Amino acid sequence: MEGSYSKVWVAREEAPAEEYKFFVDSLMGTIRNEIASCEEAAYESLPIRDAAALLFFPSQTDLIRFAQQRGWQVNPSTEMIIFAKKGEEKVEIPKQKMIVAALQYARELEQIV
């Protein structure tokens, strides 16, 4: 998802009808999750004030509740949010299979030529 997320936030405030806010709130939840995923990948930690601004939270208590749902650590003494480290997946490369396939492919090419 890409785009100017602040435009969605402004559109919520300028809603033509009260029912419209329900859909914009749902969209804001999706946007917050997308931004939060990017923050987790880009930063080890962020000041609470900055994280609240990036995630369009009007208050820090809303941010802290959101942080707890995502498993982030909130340090009130330093006013920082420490993002949960996701273990890097180790992908096992089937070396033997790749070597056999490459050799077989080379033999077949040799037979063609």
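Probe radius 1.4 Å, ligands and nucleic acids left out: which of Glu14, Glu39 has the largest accessible area, and how do the rest follow?
Details: Glu14 135, Glu39 5 Å².
Order by accessible area, largest first: Glu14, Glu39.
Pairs on different chains or at least eight residues apart, Cα atoms closer than 30 Å: how many lysine pairs in the chain fit?
The result is 4.
Taking a probe of 1.4 angstrom, what is the accessible area of Leu63 in Å², to the nearest 10?
Surface open to solvent at Leu63 totals about 0 Å².
So what is the orientation-averaged projected area of the chain, using the convex hull of its C-alpha atoms, in nm²?
Approximately 12.7 nm², given one-decimal rounding.
Name the longest site-free stretch of the chain, where the excluded sites are trypsin sites (Lys or Arg not before Pro) in a DSSP loop with no more than 10 other beta-carbon atoms within 10 Å.
1-84
Remind me, relative contact order of the stretch 30-98 in percent, using alpha carbon pairs under 8 angstrom and six or more residues apart?
Numbers: 56 pairs, mean separation 20.3, N = 69.
Averaging sequence separation for qualifying contacts and normalising by length gives 29 percent for the stretch 30-98.
The values are calculated or read from the model by the stated rules, or taken from the named source; none is laboratory data. Predicted model only: the values in this text are computed from it and were never measured. Virtual Cβ from ideal backbone geometry, glycine too; neighbours counted across all protein chains shown. Quick note on the areas: whole protein, heavy atoms, side chains included, nothing else; ligands and nucleic acids left out. Shrake-Rupley method; radii C 1.70, N 1.55, O 1.52, S 1.80 Å.
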